[in-house]
Amino acid sequence: MTQENNGVWTSWNENLTYKYKSLYKITTEKELQEVVAKTTKIRFFGTKQSSADIAAGMNTLIDMRAYNKIVSYDEAKRSITVQSGMILGDLLEVIEAKGWCIPCLPDINTITIGVALATGTHGTSGYLLCEYMTSCTLVLADGSLKNIQKSDALMQAVRVSLGALGVMSTVTFTCEPIYTLHVKEGPENDSEWLPKINERLKKHDFLRILWLPHTNKGYVITGDKIAPETKIIENLGPSYLKHRRKASKILYKYSHVFPWITAIANRLLYKGFFSANKEYKGSLYQATVTKSRGATLELAEWTIGLDTFPLVFDELKKEINNWNNKSFIHIPMDIRFLYKDNSWLSYAYEKDTVTMGCVSRNAATADTYEAFKTIETIF
Ligand SMILES: Cc1cc2nc3c(=O)[nH]c(=O)nc-3n(C[C@H](O)[C@H](O)[C@H](O)COP(=O)(O)OP(=O)(O)OC[C@H]3O[C@@H](n4cnc5c(N)ncnc54)[C@H](O)[C@@H]3O)c2cc1C
């Protein structure tokens, strides 16, 4: 274990900074127990990518990232136990090599496992990542260990617990056999994709809609499970598509000064990056999870019951297209779908849910991004 004193903690997108007195980098469970036991107030962090202000702001911090080993496998049960500071992408590479998968994944692979579970990180057309955890060990405030199994009532509280019930130390996932997804993407008018949501959720194994505000379009991504050897006509579109995030950053550069620029930028981005159809196949991880991002950003996400979503969407669209409103929204708003669960703090608690993400490509000026306020009011 190493210790640094009197430093400054800075979040990934540099929007949050805090002074700390002691920062411990732990590598074993014993070290984690020791530091937690001797400290009254403590926070722990992974890759500092949460936009919510929960990862630092205390005198004592624990960096979980070097606590990142595989503890064990159970081939018969298709389960794997890892230390909670492991990066999600590293876990996914290992389980894919075994022919296993976690069947619902977020669009980010750089976060740590403990955080992804504790903050309710999710993908689409499935459950929150923490629903695939079958047991875990928590380090409690006095430094003692508590093991929790899927069958324990406490698990429903622990899954999404934001670190408040203790630090997740080791985590066990029970995986499913890996499958191949046939992915098709393409633009559709809002009047087309919106009424088809329920039908598509039944028909496809994967559904995600990137809504393109101020263009009347959504970019619909569907995925269907196929036999791995199935031949498809692959179409990845022009090679410049990989520069979308960089192009967005440039086009939105002054949108905090002149918010209406956003509406023009969105139409250009739609024409350049979202107007073509694409088709390809791969595992869920390989085909649908972003592996690198050219720039930082600020993002927030709201959730609403699937049954209420069309109403909320109409209201939001009306409001942001009102020319008096300064809430011009950067592309895309990410629309994803979650099945109901029974974890106490889950946003899909007992209700099929839609999540709607909103991004500001200018992380540094995100506090002046009116869109966050308008969406908050409407949701
Ligand atoms: C570009 C980008 C894309 C994203 N995509 C998605 C997405 O597709 N789906 C989605 O749901 N989210 C997404 N997110 C949000 C992201 O998953 C969460 O913000 C996640 O919490 C970030 O992980 P981190 O390791 O950076 O956490 P940090 O910000 O470092 O830590 C967050 C908090 O987690 C808690 N914590 C840390 N370690 C532990 C532990 N071992 N046990 C218990 N609690 C712990 C602590 O309270 C800590 O304060 C995205 C974020 C970004 C920046």
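The values are calculated or read from the model by the stated rules, or taken from the named source; none is laboratory data. From a predicted model like this one, the values you see are computed outputs, not experimental measurements. FYI the Cβ positions are ideal-geometry reconstructions off the backbone, even for glycines, and counts take in every protein chain you see. The protein model used for the area step is the full one, side chains on, heavy atoms only, and it has no ligands, DNA or RNA in it. Shrake-Rupley method; radii C 1.70, N 1.55, O 1.52, S 1.80 Å.
Residue pairs whose Cβ atoms lie under 8 Å apart, sitting 6 or more positions apart in sequence or on different chains, and linking a residue in the stretch 18-42 that is part of a loop (DSSP other than H, G, I, E, B) to a partner that is open to solvent by 80 Å² or more (accessible area, probe 1.4 Å), are Ile26/Met1; Thr27/Met1; Thr28/Met1; Lys41/Asn59. Across the stretch 51-81, the number of residues qualifying as farther than 20 Å from Val36 by Cβ and outside any strand (DSSP E or B) comes to 7. Report, by residue number, each residue of the stretch 115-125 that is surrounded by fewer than 22 Cβ atoms within 10 Å (Cβ to Cβ) and more than 7 Å from the ligand (Cβ to nearest atom). Within the stretch 115-125, Ser125 is the sole residue that qualifies. Taking the stretch 311-340 as the search range and keeping residues that are surrounded by fewer than 14 Cβ atoms within 10 Å (Cβ to Cβ) and not in a loop (DSSP other than H, G, I, E, B), which one is farthest from the chain's Cα centre (by Cα)? So the residue we want is Lys318.
A residue that is open to solvent by 60 Å² or more (accessible area, probe 1.4 Å), away from the ligand (no atom under 15 Å from the Cβ) and more than 17 Å from Ser169 (Cβ to Cβ) occurs nowhere in the stretch 46-58. Here is the figure for the stretch 186-220: residues that are surrounded by 20 or more Cβ atoms within 10 Å (Cβ to Cβ) and within 14 Å of Gly282 (Cα to Cα) total 1.
Inside the stretch 269-296, residues that are touching an Asp or Glu at 6+ places or on another chain (Cβ under 9 Å) and open to solvent by 20 Å² or more (accessible area, probe 1.4 Å) make up a count of 10.
Quick check on Arg361: is it within 16 Å of the ligand (Cβ to nearest atom) and in contact with a helix residue (DSSP H, G or I) (Cβ under 7 Å, 6 or more places away or on another chain)? Here the answer is yes, as Arg361 does meet what is asked.
Go through the stretch 148-162 and give me each residue that's of a type in the set (D, E, K, R) and either open to solvent by less than 20 Å² (accessible area, probe 1.4 Å) or at pLDDT below 95 (or both). The one that is of a type in the set (D, E, K, R) and either open to solvent by less than 20 Å² (accessible area, probe 1.4 Å) or at pLDDT below 95 (or both): Arg159.
Per the conditions (1) away from the ligand (no atom under 16 Å from the Cβ); (2) in contact with a Ser or Thr (Cβ under 9 Å, 6 or more places away or on another chain); (3) part of a strand (DSSP E or B); (4) more than 26 Å from Thr374 (Cα to Cα), the sole criterion not satisfied by Thr222 is (2). Of all residue pairs spaced 6 or more apart or on separate chains, those with beta-carbon atoms under 7 Å, a first member in the stretch 54-82 that is closer than 30 Å to Ile178 by Cα and a second member that is basic (Lys, Arg) and not in a loop (DSSP other than H, G, I, E, B) are Ala66/Lys25.
Out of everything in the stretch 84-114 that is aliphatic (A, V, I, L, M) and open to solvent by 30 Å² or more (accessible area, probe 1.4 Å), what residue ends up being nearest to the ligand (Cβ to nearest atom)? So that I can check it myself, show each step before the final result.
Initial filter on the stretch 84-114 (aliphatic (A, V, I, L, M)): 86-88, 91-92, 94-95, 97, 102, 105, 108, 111, 113.
Adding the requirement that they be open to solvent by 30 Å² or more (accessible area, probe 1.4 Å) leaves 87, 94, 97, 108.
Working: Ile87: 8, Val94: 18, Ala97: 23, Ile108: 4 Å.
If we take residues in the stretch 84-114 being aliphatic (A, V, I, L, M) and open to solvent by 30 Å² or more (accessible area, probe 1.4 Å), then Ile108 is nearest to the ligand (Cβ to nearest atom).
Within the option set Leu165, Leu145, Leu128, being open to solvent by 60 Å² or more (accessible area, probe 1.4 Å) and either without any contact (Cβ under 8 Å) to a residue 24 or more places away in the chain or within 12 Å of the ligand (Cβ to nearest atom) (or both) holds for one residue only, Leu165.
Lys351 falls short on exactly one of the conditions (1) touching a Gly at 6+ places or on another chain (Cβ under 8 Å); (2) within 16 Å of the ligand (Cβ to nearest atom); (3) more than 30 Å from His243 (Cα to Cα), and that condition is (2).
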